[in-house]
Amino acid sequence: MIANEEKIYSLLGFAQKAGKIHSGEETVLSKVNKKSASLLIVVEDASEDTKNKMENAAERHGIPFLVFGTKGELGLSMGKSPRNAALIMDRGFAETLQKYIKI
């Protein structure tokens, strides 16, 4: 794992502990319309249908959308089972994650 990936997964863990993240496909889709949603991440190994659904939801609500990581790594970083998607609710976490993911 490269250094930036470690930072990203660490930030996702901090966001989970702070209660600033929702995860899992159904939960993310139900929470994406919240005004405080700041970033939607879907994993690289999600199905194309899931990726399209998440991207469309993000576009509909004006939320930045990124593809990053795997189901197992995403879930593990948050102390959960494998996850397809994560919705970051805090702008600070979202901006920092975007910076590291785009590097």
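The values are calculated or read from the model by the stated rules, or taken from the named source; none is laboratory data. Keep in mind that what you see is a predicted model, and the values were worked out from it rather than measured. Surface areas here come from the heavy atoms of the whole protein model, side chains and all, with no ligands, DNA or RNA. Shrake-Rupley method; radii C 1.70, N 1.55, O 1.52, S 1.80 Å.
Observations on the structure shown:
- Partners for K35 among aspartates and glutamates (Cα-Cα distance below 12 Å; same-chain residues under 8 apart left out): D90
- Shown for the chain: the carbon plus sulfur share of the solvent-accessible area, taken with all protein chains present and a 1.4 angstrom probe, equals 47%.
- The chain: relative contact order as a whole-number percent, Cα under 8 Å and 6+ apart: 40 percent
- Helix-only [θ]222 nm of the chain, DSSP H runs n ≥ 4, -39500 (n - 2.57) each, per residue, nearest 500: -16000 deg cm²/dmol
- Exposure check, 1.4 Å probe, all protein chains in place: F93 carries approximately 40 Å² of accessible surface.
- All lysines inside 19 Å of K7 as judged from Cα atoms, apart from same-chain residues fewer than 8 positions distant: K17, K20, K71, K80, K99, K102
- Probe 1.4 Å, protein heavy atoms only - accessible area per residue of the chain in square angstrom: 54 Å²
- Listed by chain and number, the aspartates and glutamates placed with their C-alpha closer than 12 angstrom to that of K53 are E25, E26; residues fewer than eight positions away on the same chain are left out.
- Bridge type composition, the chain - antiparallel percent by DSSP, nearest 5: 70 percent
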